[in-house]
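Here's the structure, in structure tokens; my notes come after.
Derivation of every value follows stated rules applied to the coordinates shown; laboratory data play no part. Quick caveat, the model's predicted, so the values are computed rather than measured. Here Cβ is always computed from backbone atoms with ideal geometry, including for glycine, and neighbour counts include all displayed protein chains.
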Amino acid sequence: MNAMLSERAQPGTLSNPNTFAEYLTFVFKTDVNAEAVSDAFAKIQIIEKSIGQKDSTADLSFTVGVSHHGWSTAFPATAVPALLQDFKAMTDGERNFPSTPGDIFIMIKSERMDLNYQAAKYLASAFADVATLIEDIQGFKYLDSRDMIDFVDGTENPKNAARMNAVLVVDDLDIHQGGSYLTVQRYIDRQGLWDKQATEYQEQVIGRTKLDDIELDDDVKPAWAHNNKSKVIVDEKEIKMLRQNRPYGNAMEHGTMFIGLTASPVTMSTSLQQMIFADSNGDYDRLLDFVEAKTGTNYFIISQTLLDTFAD
Ligand code: HEM
């Protein structure tokens, strides 16, 4: 793994979430003109540059992903990344991970919600002839990077070289190196039910303390804790993912945008299966008693190399 590889990644692939994020999901219209699609992709970096220069301290970035379903319309001349598949729905008991539409996903990150909104408006207009914007979610940093269930989220994310290893694709065509597999799920919190639980139980559900975000000792952490069930271990070695989650919503309805990036989508599907399917002891991830997935879509965050093929 080297610096060259990180230069092949869209910068937002490896960076931390900013204070504000806006997440756009587009679905291609039928029978769109290939040149019009290509023109829309060419506008992405033009818009990023124009709005980004209004305030360089705002650190504006766009990160663009395309699903298997959208791939041949987006990039008819480029092979699909080797492991890209559409999200497969999963169900066990009361728990559901639905699979929902999405051809293009653009994550806008910056320190200013107003710039994100303006960028979203221009991106929606750039794609209007070829794709329909079906979801636009505005996320934000809550307190000290907490989810709205009041626990700090993101602590165990890998850093530096370990992050590059966990996230960036190496083993694929040259054009896909520096890309990344992305799973997006929008969750809604069952806040009323969560708030009725004792803090000690909430801590067991997450596997960490609430105030100070310290991992519970193995002898007190239940098998069904979120940080046990979501952790992927292969041959006694932990395989990390990068989560760029942000909460969204308001006092009436809110939740988490789960934004999970991996070098191999097998890591993600293993984590999701461990969470949702009850094991032989009947244990599943008890966080799923309190949050409900409303969407689920897989994308490939294209390499900067592929994105640059659309630049003038
Ligand atoms: C509403 C949805 C979710 C919420 C509120 C949530 C919240 C959290 C929190 C509070 C932590 C502990 C702090 C940290 O290390 O970041 C955590 C850890 C983690 N979560 Fe989630 N999470 C959600 C969904 C998911 C999903 C869908 C996955 C995987 C597909 C996942 C994977 C992980 C992983 C891998 C860890 C780190 C485990 C470790 O190594 O200790 N999470 N999550």
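Listing for the model above:
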quantity	calculated
Reference-scaled alpha-carbon Rg (2.2 N^0.38 Å with N residues) for region 67-109	1.47
Gain in span if fully extended, Ala223 to Gln273, counting 0.36 nm per residue against the direct Cα distance	16.5 nm
Length-normalised contact order of region 3-308 in % [C-alpha pairs under 8 Å, at least 6 apart]	29 percent
J(HN,Hα) series, region 230-241, from Karplus relation 6.51 cos²θ - 1.76 cosθ + 1.60, nearest Hz, glycine and proline x	7, 6, 9, 10, 10, 6, 6, 10, 6, 9, 7, 10
Anisotropy class of region 33-95 from Cα gyration tensor, a/c 1.5 cut	oblate
Calculated from backbone phi, Karplus (6.51, -1.76, 1.60) coupling profile of region 259-274 in Hz, x at Gly/Pro	10, x, 10, 9, 6, 9, x, 5, 4, 5, 5, 5, 4, 5, 5, 4
Between helix 113-127 and the chain: long-axis angle, C-alpha atoms, 0 to 90°, nearest 10	50 degrees
Estimated dipole of region 3-308 in Debye, rounded to 20 [Cβ of Lys and Arg +1, of Asp and Glu -1, Cα centre]	500 debye
Spherically averaged projected area in nm², based on the convex hull that wraps the Cα atoms of the chain	16.4 nm²
Over region 7-124, volume per residue of the alpha carbon convex hull, in Å³	147 Å³
Inter-probe distance in nm under a simple model that places probes 7 Å from Cα toward Cβ, at Lys294 and Asn96	1.3 nm
Cα gyration tensor shape of region 162-277, rounded if a/c is under 1.5, else prolate or oblate by comparing a/b with b/c	oblate
GNM flexibility winner over the chain from Asp147, Asp289, Asp103 (Cα, springs under 10 Å)	Asp289
12 Å beta-carbon shell around Tyr284, net charge (K/R +1, D/E -1)	-3
Counting all C-alpha pairs of region 99-222, share separated by more than 20 Å (%)	65 percent
Spin-label model distance (nm) - Leu211 vs Thr199, 7 Å beyond Cα toward Cβ	0.5 nm
Candidates Phe300, Phe258, Phe105: whichever shows maximal mean-square fluctuation once the chain is modelled as a Gaussian network with Cα springs under 10 Å	Phe258
Nearest-0.05 FRET efficiency for Lys43 and Thr155, computed from C-beta distance (R0 41 Å)	0.65
Where the Cα pairs of region 81-148 fall when distances are cut into 10 Å bins, in %	14, 32, 35, 18, 1
Integer Hz, Karplus 6.51/-1.76/1.60 couplings in order for region 51-68, x for Gly and Pro	7, x, 6, 5, 7, 5, 6, 7, 6, 5, 9, 10, 10, 10, x, 10, 8, 4
Theoretical gain in end-to-end length, Asn165 to Lys54 [0.36 nm per residue, Cα-Cα removed]	36.6 nm
